[in-house]
There are 2 protein chains.
Amino acid sequence: MKLASLKDGSRDGRLVVVSRDLKSCQPVPNIAATMQDALDNWDTAAPQLKQIYALLNQDSASGAKPFDESMCHSPLPRAYQWADGSAYINHVELVRKARNAEVPASFYTDPLMYQGGSDSFVGPRDAIFALDEAWGIDLEAEVAVITGDVKMGASDEEAAKAIRLVMLVNDVSLRNLIPNELAKGFGFFNSKPASAFSPVAVTPEELGKSWEDNKLRLPLLVQINRQPFGKPNAGEDMTFNFAQLVAHAAKTRELCAGSIIGSGTVSNKQGSLHGSSIANGGVGYCCLAEVRMYETIESGKPQTGFLQFGDTVRIEMHDAAGKSIFGAIDQTVRNYGERA
Amino acid sequence: MKLASLKDGSRDGRLVVVSRDLKSCQPVPNIAATMQDALDNWDTAAPQLKQIYALLNQDSASGAKPFDESMCHSPLPRAYQWADGSAYINHVELVRKARNAEVPASFYTDPLMYQGGSDSFVGPRDAIFALDEAWGIDLEAEVAVITGDVKMGASDEEAAKAIRLVMLVNDVSLRNLIPNELAKGFGFFNSKPASAFSPVAVTPEELGKSWEDNKLRLPLLVQINRQPFGKPNAGEDMTFNFAQLVAHAAKTRELCAGSIIGSGTVSNKQGSLHGSSIANGGVGYCCLAEVRMYETIESGKPQTGFLQFGDTVRIEMHDAAGKSIFGAIDQTVRNYGERA
């Protein structure tokens, strides 16, 4: 099943069921007005939503209308929880290698996770707004899940059962604000502005064999300024799967339905740590910071700059047949001071 | 004006206007069903809620019923944002002094703030649940504000205008999980379980002269196991006021209505850094960690333990006439594994 939230001028958007081919959709106000409503009442709502989904895919839904992913907000335009792991340890190893530091052994058994801000996400086609290019604006292409209610101390198996939906994320990061902020000791805050999520969120079952061991085993396709930048497989080199990440988040507290748990920047090992851009035959990257770390390892300092006003970022994922699963995150970096 | 959310079996509770003396209340489904609804539509809802408030205080509200603060959830049972500052630098100075470290100069000009989890707060009379006493369960008595929408880069003046409501918090902390978690570099996560807020949230204007320069200038009253533990003045030694804290939170992103911004543990300097318990004539503490730091400074190691199952914490604030302003947070520490 595929779900989306259409922009309708409200804070939470309007829930629609979307056909598998992303060509049609149907509002479902009698089942759930918003995505959060559906998640709050999943056990009763999901079977009804699945009936609509089946009808849409047979082209026999009575209330079907054309689906336009550019009219979508993030599936949850605002959420009660956004916690982002750092499950691709290759990314962490690179960061450390660039500054000649070791990765602590515990990082391979105890997930890194930061608490993100969830009150005001932006839509998948909305601008990445910043007040200053000097903040060091970077993308982070990731996969995320939305959970149901999870009890404190849930096992990995219980956490896996609570995964309701899967989607893509651009976890925008302000690299030049990170060093000072992390040095203060309390983690990210100003350095993590509003994230954007893919137009469509899908149930794990919809992903078929691509959802295995609570990982999404498909390449994550990233473009910067319409040029291929990354295509790492999100199912490879993921040290902690989504069940483990959700269980980690619930270790000392209950999670409420609608909690979003992210994978962290997708990053593949690619044999050698050096020279793995798509142009050089590699799978490329999901953030500019990684390119800069490779450059630092190779030549002592980074050459590639961060995003500037006017730059574009596109994040998407195709199924085996080459069809877009989640629709595309496609954002342009813009100056918040010059917004309409 | 005073507002609360009564438990009614729903996830968000039922908004009521509460009389100044906390003796009566009135549901307002025709104005706003929930606290978040009121915050989402504050400009239209607030004037109507204030009319009900005036009637309640005159004992002439048609729908008034007795108010029982033990039936309350936290004012926002779940919120889209909970960010907690560390505005009382005395607390930070103590932490550093206990380990013979200096406080960085930037801490006096750049607020410390961590992103908290906001998806599942507990009610003011609900248990502080934990799975293990060895986690090092501690209270943190604080003040917090709830904001309206705030634009990115808002000035302190703009941030001040966005402060809608004020309340008290118990920001429960798991002290023995903190060192390992902060060492990982991404800030608090498992070490900050669900917070509880006071039964009632009040508008700044309701606080009269006690709300000055965006600080709440009254003693915060803390009891542990029914014994006085702290009574520091929340308006003293607050290095950053709430306008500055809200502006800091909005530095690189918009804040949505219903964002909760906390002060951090209230802590007064008390002349000497040593021997300032209430029993010794001081104003006491708002968390056990501070007692332990005093003990460490004085005798090399802490003597006071953290909270155990069965211990109680009470946090309240009185007006000049000795009346409770927000109702009381009153919680018992309990084993989550033995919950009903």
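The values are calculated or read from the model by the stated rules, or taken from the named source; none is laboratory data. Values in this document were obtained by computation on a predicted structure and should not be read as measured data. Here the Cβ positions follow ideal geometry from the backbone for every residue, glycine too, while neighbour counts run over all protein chains shown. Side chains included, ligands, DNA and RNA excluded: accessible areas come from the protein's heavy atoms. Shrake-Rupley method; radii C 1.70, N 1.55, O 1.52, S 1.80 Å.
Structure data summary
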| quantity | calculated |
| --- | --- |
| Selected from A:His73, A:His318, A:His91 as most flexible by GNM, with chain A as the system and alpha-carbon contacts under 10 Å | A:His318 |
| Distance cut-off 33 Å, percentage of C-alpha pairs in the protein assembly as shown lying past it | 47 |
| Three-way shape call for region A:2-67 based on the alpha-carbon gyration tensor, with the a/c threshold at 1.5 | oblate |
| Net +/- balance of residues flanking B:Asp84 in space, Cβ distance below 13 Å, scoring K and R +1, D and E -1 | -2 |
| Unsatisfied cross-links (Cα-Cα over 31 Å) in the set A:Lys65/A:Lys323; B:Lys97/B:Lys192; A:Lys251/B:Lys231; A:Lys269/A:Lys301; A:Lys192/B:Lys215; B:Lys215/B:Lys323 | A:Lys251/B:Lys231 |
| Dipole axis of region B:33-102 (+1 Lys, Arg; -1 Asp, Glu on Cβ), positive-most option in B:Met35, B:Ala45, B:Val95 | B:Val95 |
| Burial of 50 Å² or greater, region A:155-188 residues [accessible area, probe 1.4 Å, versus chain by itself] | A:Lys184, A:Phe186 |
| Members of region B:100-116 that become less accessible by 40 Å² or more once partner protein chains are added (1.4 angstrom probe, chain alone as reference) | B:Leu112, B:Met113, B:Gln115 |
| Chain pair A, B: total accessible area buried, heavy atoms, 1.4 Å probe, Å² | 5000 |
| Radius of gyration and maximum dimension Dmax of region B:51-172, Cα, Å | 19.0, 61 |
| Sequence-distant aspartates and glutamates (8 or more away, or on other chains) whose Cα lies within less than 20 Å of A:Lys161 | A:Asp37, A:Asp40, A:Asp43, A:Asp84, A:Asp149, A:Glu205, A:Glu206, A:Glu212, A:Asp213, A:Glu254, B:Asp119 |
| Prolate/oblate/rounded label for chain A (Cα gyration tensor, a/c 1.5) | prolate |
| Other copies of A:Gln227: label-to-label distances in nm, shortest first, labels 7 Å along the beta-carbon direction | 6.9 |
| Neighbourhood charge, 13 Å Cβ-Cβ cut-off, centred on B:Ala160 and excluding it, Lys, Arg +1 and Asp, Glu -1 | -3 |
| Mean residue ellipticity (222 nm) of the protein assembly as shown, computed from DSSP H runs ≥ 4 via -39,500 (n - 2.57), nearest 500 | -5500 deg cm²/dmol |
| Accessible surface of region A:2-78, 1.4 Å probe, proportion on carbon and sulfur as whole % | 47 |
| Mean-position separation - Cα centroids, region B:151-197 and region A:89-114, in angstrom | 26 |
| Relative contact order, percent, region A:2-67 [alpha-carbon distance under 8 Å, six or more residues apart] | 33 |
| Minimum Cβ-to-axis distance in chain B for the rotation onto chain A, with residue, whole Å | B:Gly187, 1 |
| Using a 7 Å Cα-to-Cβ projection, A:Leu131 label spacings across copies, nm, ascending | 4.1 |
| Cβ-derived FRET efficiency at R0 45 Å, B:Asn280 paired with A:Gln48, nearest 0.05 | 0.10 |
| Accessible surface, region B:76-338, averaged per residue in Å² (probe 1.4 Å) | 33 |
| Three-way shape label, region B:144-264, alpha-carbon gyration tensor, a/c 1.5 | oblate |
| Relative contact order %, chain B, counting alpha carbon pairs below 8 Å whose residues are six or more apart | 22 |
| Percent carbon-and-sulfur accessible area, region A:121-210, ignoring ligands, DNA and RNA, probe 1.4 Å | 49 |
| Those trypsin sites (Lys or Arg not before Pro) in region A:129-227 that DSSP places in a loop and that have at most 12 other beta carbons within 10 Å | A:Arg226 |
| Reduction of at least 20 Å² in accessible surface, 1.4 Å probe, comparing all protein chains with the chain by itself, residues of region B:232-261 | B:His248, B:Lys251, B:Thr252, B:Arg253, B:Glu254, B:Cys256 |
| Shielding by other protein chains, A:189-200, mean Cβ within 10 Å | 3 |
| Per-residue HN-Hα couplings for region B:102-113 [Karplus 6.51, -1.76, 1.60; θ = phi - 60°; Hz; x = Gly/Pro] | 8, 7, x, 4, 5, 5, 8, 10, 10, x, 7, 8 |
| Given charges at beta-carbon only (K, R positive; D, E negative), |dipole| of region B:76-338 in Debye | 180 |
| Region B:2-67, accessible area per residue, ligands and nucleic acids excluded (1.4 Å, Å²) | 49 |
| Positive minus negative residues near A:Ala144 (Lys, Arg vs Asp, Glu; Cβ under 9 Å) | -3 |
| Copies compared at B:Lys301 - label distances in nm, ascending, label defined 7 Å from Cα in the Cβ direction | 5.0 |
| Inter-centroid distance (Cα atoms) of region B:274-303 relative to region A:203-239, Å | 52 |
